[in-house]
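The values are calculated or read from the model by the stated rules, or taken from the named source; none is laboratory data. Because the structure is predicted, anything quoted here is derived from the model rather than measured. So basically every Cβ, Gly included, is an ideal-geometry build from the backbone, and we count neighbours across all protein chains shown.
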Amino acid sequence: MIVAVDGTTDRLSIAVGIPGRPAVSRSLEGARRHTAELPGLVDEVLAAASGGWSNVTAVVLADGPGGFTGLRVSAAWAKGVVRARGLRLGAASTLLVRAVPLGQAGHPVVGVGNAMRGELFCARYRFEPDGSILELEGPRLVSAIGTMAEPGDLVAEGLPDAADLVALAGRPGGVHWVDQVASWEPRYGRPAEAQVRWERVHGVGLDDPAGHGG
């Protein structure tokens with residue numbers, strides 16, 4: 001059984017299930033609630049799925065790009081849980097999670113997320129007839145969807161659902177399994193607003209947290 005978490009937007013989404021079967025999911029609104037309510041919401045969903053931590057084999061996380069606070073909270077929680085319980089940690093881009101509902105065999109889908117400052121996060125995928133997923137263009141900042149989308153592409157702009165993250169764990173190209181949990185970090189996509197303001201005031205650049213490890 002897999003516990004899936006998407007905390008990349010103001011809506012926290014949790015799902016518990018087995019790839020290929022319907023997952024049990026819950027969500028709550030409000031980015032400031034992620035820290036206090038994530039653990040309890042996971043326990044609630046586990047109970048609703050008639051399971052417990054003893055049945056869980058992995059935690060799968062939407063690793064961005066997205067909101068800095070939600071990503072930081074969900075990643076810290078996931079890293080602590082998998083290390084304490086001896087579970088596997090998997091990750092997939094939240095843009096891919098958004099693309100899943102529109103995935104059709106052989107048809108490209110562009111996953112889109114709000115990057116603020118008048119920009120978007122976009123990535124382009126193709127869902128193959130054999131069930132595998134091919135990343136055509138990885139997540140990047142764009143000024144408009146047309147910068148990445150090609151004629152005929154489907155565009156996925158809906159909020160991510162952790163139930164789709166559970167499904168991705170069973171598809172080739174869907175989830176990356178993390179080997180080095182301690183050093184792994186999510187893909188923030190860009191520096192936090194606080195960092196941007198600090199750099200503007202002080203005229204000094206800090207390390208860019210947008211990278212990805214593990």
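Surrounded by 14 or more Cβ atoms within 10 Å (Cβ to Cβ), in contact with a helix residue (DSSP H, G or I) (Cβ under 8 Å, 6 or more places away or on another chain) and farther than 19 Å from VAL73 by Cα: does that describe VAL155?
On the way: surrounded by 14 or more Cβ atoms within 10 Å (Cβ to Cβ): yes; in contact with a helix residue (DSSP H, G or I) (Cβ under 8 Å, 6 or more places away or on another chain): yes; farther than 19 Å from VAL73 by Cα: yes.
In short, yes.
Consider SER74 carefully, then state whether it is in contact with an Asp or Glu (Cβ under 9 Å, 6 or more places away or on another chain) and closer than 23 Å to GLY170 by Cα.
Yes: the conditions hold for SER74.
If you take the residues of the range 106-118 that are closer than 20 Å to PRO65 by Cα and among the small types (Gly, Ala, Ser), which of them is surrounded by the fewest Cβ atoms within 10 Å (Cβ to Cβ)?
Applying the filter and picking the extreme gives GLY118.
One line per residue, one yes/no per condition, for (1) within 19 Å of LEU12 (Cβ to Cβ); (2) of a type in the set (Ser, Thr, Tyr); (3) free of Cβ contacts under 8 Å to residues at least 40 places away in the same chain; (4) not in a strand (DSSP E or B):
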{"site": "PHE121", "(1), (2), (3), (4)": "yes, no, no, no"}
{"site": "ARG124", "(1), (2), (3), (4)": "no, no, yes, no"}
{"site": "PRO129", "(1), (2), (3), (4)": "no, no, yes, yes"}
{"site": "PRO139", "(1), (2), (3), (4)": "no, no, no, no"}
{"site": "GLY146", "(1), (2), (3), (4)": "no, no, yes, yes"}
{"site": "GLU150", "(1), (2), (3), (4)": "no, no, no, yes"}
{"site": "PRO160", "(1), (2), (3), (4)": "yes, no, no, yes"}
{"site": "ALA167", "(1), (2), (3), (4)": "yes, no, no, yes"}
{"site": "ARG171", "(1), (2), (3), (4)": "no, no, no, yes"}
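Scan the range 176-193 residue by residue and report those that are closer than 20 Å to GLY113 by Cβ and either charged (D, E, K, R) or modelled with pLDDT under 95 (or both).
Restricting attention to the range 176-193, the residues satisfying the condition of being closer than 20 Å to GLY113 by Cβ are 176, 185-193.
Result: GLU185, PRO186, ARG187, TYR188, GLY189, ARG190, PRO191, ALA192, GLU193.
Do the conditions hold for GLY17, that is, is it more than 28 Å from GLU135 (Cβ to Cβ) and of a type in the set (Gly, Ala, Ser)? Show your work before the answer.
Details: more than 28 Å from GLU135 (Cβ to Cβ): no; of a type in the set (Gly, Ala, Ser): yes.
For GLY17, the condition - more than 28 Å from GLU135 (Cβ to Cβ) and of a type in the set (Gly, Ala, Ser) - is not met.
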